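Report on the following structure.
The values are calculated or read from the model by the stated rules, or taken from the named source; none is laboratory data. Computed from a prediction, not measured in an experiment: that's the story for all the values here. Cβ sites come from the backbone with ideal geometry, for glycine too, and all protein chains shown count toward neighbours. Just so you know, the surface numbers come from the protein's heavy atoms only, side chains and all, with ligands and any DNA or RNA stripped out. Shrake-Rupley method; radii C 1.70, N 1.55, O 1.52, S 1.80 Å.
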Amino acid sequence: MKPKTVISLGIMAIALAVLSYFVGQWSYSWLPPQASAESILVDKLFSTLVAIGTFILLGVTGVITFSILFHRAGRYDTSDGPPIEGNTTVEIVWTVIPFLTVIYLAYFSYQTYQAMNIQAPGHMHGAIDPVEKMADTSATTPMTNIEVEGKQWAWTFRYPEKNVTSTELHLPVDQRAHFVLRSPDVIHGFYIPAFRVKQDIIPFEDTDFEFTPIREGKYRLRDSMFSGTYFAAMQADVVVESQEEFQDWLNNAARQTPTPAPNQAASEYARRQQKDEQFGWKTVPPAPAPMVNFHS
Amino acid sequence: MTQASPEALRDREYPLTSLPNWRTFFSFSTDHKVIGIQYIVTAFFFFVVAGIFAMIMRGELITPEPDLVDRTVYNALFTMHGTIMLFGWTFPVLAGFANYLVPLMIGARDMAFPRLNAVAFWMVPVFGILFILSFLAPGGPAQSGWWSYPPVSVQNPSGVLLNGEFLWLVAVALSGVSSIMGAVNIVTTIVRMRCEGMGWFKTPAFVWTVMAAQIIQLFGLPALTAGAVMLLFDLSFGTTFFDPSQGGSPVLYQHFFWFYSHPAVYVMILPVFGIFSEVFPVYARKPLFGYKVVVISSMIIVALSAVVWVHHMFASGTPPWMRMLFMFSTMLISVPTGIKVFAWVATIWGGKLRLDTSMLFALGGLVNFVFAGITGIMLASVPVDIHVNNTYFVVGHFHYVIYGAIVFGIYSGVYHWFPKMTGKMYYEGLGKLHFWLTMLGTTLNFLPMHPVGLMGMPRRVASYDPEFAFWNVLASIGGFILGMSTIPFLLNMIGSWINGEQAPANPWRAIGLEWLVPSPPEHENFEELPVVVAEPYGYGKSEPLTENLGG
């Protein structure tokens, strides 16, 4: 290659790298607020993937665009291009570079996953060496223990220490929360986008799950695994609050007598039965409304 | 053929007698070219049907409330959209291309087993109609998504035996049987019937990719079919393979399902890689760069495709070691696909480009595929996947692969080989209109799914929180444009076939055995079987491809 070509290619690569870096930074704003310790780790990995991806996408489309603009055959030009069939050096380079990139991304992802330490089904302590816990307080402070039940189509949360049940998930900020996820009917997905965590709940199997909320506010929990007719309605609010507010809420809820919680699937189903709708097919009836101390 | 036999003389006197008329296409023909077109036309029928389902869904999703159709209807629509698009459209249309082109490209007179070929095709309308008829089943058609995960799929609220899910499972199993028949036939044809002189490294890239795809069918489909049959027994005959309340494992079904259904994506994309590899050299007027690496990387994709299925189950009941192992194997598959992408870019580079419709679709498909590959790496990364799987991010990624790359590739192939198949030229202006509408619709429909998925909108919902409304309105508008984009295409194809200009044997000045015979080719393709003497894609070189047929 001519030195002039090398220099101009170098300049373009640097410009592309800078642009990709900024797209990577921009990508943080595409995601919901960072409300858990895990979300910070995931977002950093995602941003890196976006930056590398932007570089590749713009590189490839740039070359194609350049060719379309400057390598067009003239209207009456029926000649052929140069019969170049291959180039061993180039082919080795473009096999090795993607391979190394893949190794790097897999390693980075592995590190991130270890640091998240979110637990998983079949989790065995020591099966993978736990990496040093992050600089948060999760290792030292006590855990909040919550039993989560997802059923067609409602979420209920039980706090065993105070024997409180709720249809709204309350969590103290900066304290690692430990969940046992259960389902009595079909597979549900426990998913809170603001926390970047998700876990399928296999029916009749207890699944351990953990994460640390770090930002006060109200978030949305959704069912991520298709669970039947009223799947879309299977949502719940998640409230992250200070330790004191959380304790107040828990004590207050413990004093309430359990009542049936309102439920969107149940009310839609009841309406539908009354109307005797012409459209739509038979459905599995929703489970009875859960009896809870607290509902939103 | 030194001395003309009486049959050959008769054919010469009446060359048009062996050409099919319209009635032939409704008959049990054993001509691979007739079967190829039967597959392609049937597939386009199901493409339109499942596309209409998609537009009703996008109509539902244009507002957050579930107001256009009942939730059960919505669930049935997305289930049947996915199922019919895969089993009624993508697989059959690509089987059609393989059927039509492979014997011509390898210099054979027909497929190895012509009757098996016809039987495999005629199963397509049978199971396709079964899918559509299931809308009349008591309780409606299947409503558990095209994955059909238990226990949702074995809940049977209608209570009757002949329910939609039952019909769905029978149709899927039939589709599996049909595809296995096709795979046996195609692989045998490619291995045994290449003409004299066509060694493996003189075989066109399309033929290689078709063979690679069909090898996946042979090892993968038995797993899917077994899973479907076991699920059918759970649903209707009281077994409990997958019933967790009776000690069965729903996760086992997921393994059966994805062991085939992830590699199935390569079954669909590999022939499209083949189409790209045929189209770029013609319209760039350069040899396929790194031809040998391109064909070998297809076989590497086949090998890797057998060890990637668990990445669909990262958030399922999957232990951490499995998550890590399959993350690496899934990412690794980007290396052989990357090799192909770079090879195509290098083929285009420095060429003499002609932007005919098929070239436009190939270029658009390539760009979409690169984008889909990048989001694919994100989905392979376990921590990112934990956030985005089962959200619209996956729907966006998947549709960029299936529509952005595969459907674009199919369109590219249809335009490229239309003159060969029909003997008529298509209208270039309508073709270009079709391309730009498709590109606009694809981008507007599938790009917004990525941000809305990152925000946390789950897939398969009939209603959603108002915060997702903006991107959904854009996606719906894109979906309607995409629906409209098929109108100029259908007009063009039907109009040109009836009324188009007569096509010469080789309108694109392309190199390949199929371009050495008249358009459309006669009944047995080659009067005299070719003897290949050169590698394919000899653009810019003045060597003949065969020693006996010219070209």
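Of everything in segment B:349-389, what is open to solvent by less than 10 Å² (accessible area, probe 1.4 Å), within 29 Å of residue A:103 (Cβ to Cβ) and not in a helix (DSSP H, G or I)? Give them in sequence order.
Answer for segment B:349-389, where residues must be open to solvent by less than 10 Å² (accessible area, probe 1.4 Å), within 29 Å of residue A:103 (Cβ to Cβ) and not in a helix (DSSP H, G or I): just B:381.
In segment B:122-148, what residues are open to solvent by 20 Å² or more (accessible area, probe 1.4 Å) and modelled with pLDDT of 90 or more?
Correct list: B:122, B:123, B:125, B:126, B:129, B:130, B:132, B:133, B:135, B:136, B:143, B:146.
Quick check on my filter: what residues within segment B:336-359 are more than 7 Å from chain A (Cβ to nearest Cβ), under 15 Å from residue A:64 (Cα atoms) and of a type in the set (Gly, Ala, Ser)?
Matches in segment B:336-359: B:343, B:346.
Suppose the filter is out of contact with any helix residue (DSSP H, G or I) (no Cβ under 6 Å at 6 or more places or on another chain), among the polar types (S, T, N, Q) and open to solvent by 10 Å² or more (accessible area, probe 1.4 Å); does residue B:83 pass it?
Here the answer is no, as residue B:83 does not meet what is asked.
Identify the residue in segment A:42-81 that is without any contact (Cβ under 8 Å) to a residue 24 or more places away in the chain and in contact with a Gly (Cβ under 6 Å, 6 or more places away or on another chain) and, among all such residues, is most open to solvent (accessible area, probe 1.4 Å).
Among residues in segment A:42-81 that are without any contact (Cβ under 8 Å) to a residue 24 or more places away in the chain and in contact with a Gly (Cβ under 6 Å, 6 or more places away or on another chain), the one most open to solvent (accessible area, probe 1.4 Å) is A:80.
Suppose the filter is assigned to a loop (DSSP other than H, G, I, E, B) and under 21 Å from the mean Cα position of the chain (by Cα); does residue B:147 pass it?
yes
Among the candidates B:178, B:134, single out the residue that is over 25 Å from residue B:211 (Cβ atoms), in a helix (DSSP H, G or I) and small (Gly, Ala, Ser).
Within the list B:178, B:134, the selection yields B:134.
Do we have any residue at all in segment A:64-76 that's assigned to a helix (DSSP H, G or I), in contact with a helix residue (DSSP H, G or I) (Cβ under 7 Å, 6 or more places away or on another chain), within 8 Å of another protein chain (Cβ to nearest Cβ) and within 29 Å of residue A:27 (Cα to Cα)?
Among the residues of segment A:64-76, at least one is assigned to a helix (DSSP H, G or I), in contact with a helix residue (DSSP H, G or I) (Cβ under 7 Å, 6 or more places away or on another chain), within 8 Å of another protein chain (Cβ to nearest Cβ) and within 29 Å of residue A:27 (Cα to Cα), which makes the answer yes.
Of all residues in segment B:516-537, count the ones that are within 14 Å of another protein chain (Cβ to nearest Cβ) and surrounded by fewer than 18 Cβ atoms within 10 Å (Cβ to Cβ).
1
Looking at segment A:242-292, which of its residues are surrounded by 12 or more Cβ atoms within 10 Å (Cβ to Cβ), of a type in the set (Phe, Trp, Tyr) and within 14 Å of chain B (Cβ to nearest Cβ)?
If the condition is that a residue be surrounded by 12 or more Cβ atoms within 10 Å (Cβ to Cβ), of a type in the set (Phe, Trp, Tyr) and within 14 Å of chain B (Cβ to nearest Cβ), then A:269, A:281 are the ones that fit.
Restrict the check to segment B:410-433 and report whether at least one residue is farther than 30 Å from residue B:517 by Cβ, of a type in the set (Ser, Thr, Tyr), open to solvent by less than 10 Å² (accessible area, probe 1.4 Å) and at pLDDT 95 or above.
For segment B:410-433, residues farther than 30 Å from residue B:517 by Cβ, of a type in the set (Ser, Thr, Tyr), open to solvent by less than 10 Å² (accessible area, probe 1.4 Å) and at pLDDT 95 or above: absent.
Out of the residues in segment B:324-335 that are more than 7 Å from every other protein chain (Cβ to nearest Cβ) and either open to solvent by 20 Å² or more (accessible area, probe 1.4 Å) or not in a loop (DSSP other than H, G, I, E, B) (or both), state the one that is nearest to residue A:49 (Cα to Cα).
Among those residues, the one meeting the criterion is B:330.
What's the number of the condition residue A:38 fails, among (1) open to solvent by less than 40 Å² (accessible area, probe 1.4 Å); (2) not in a helix (DSSP H, G or I)?
(2)
For segment A:259-277, indicate whether the set of residues that are touching a helix residue (DSSP H, G or I) at 6+ places or on another chain (Cβ under 6 Å) and within 30 Å of residue B:154 (Cβ to Cβ) is non-empty.
yes
Exactly one condition in (1) open to solvent by 40 Å² or more (accessible area, probe 1.4 Å); (2) out of contact with any strand residue (DSSP E or B) (no Cβ under 9 Å at 6 or more places or on another chain); (3) facing chain B (nearest Cβ under 8 Å); (4) in a helix (DSSP H, G or I) is not met by residue A:93; state its number.
Exception for residue A:93: condition (3).
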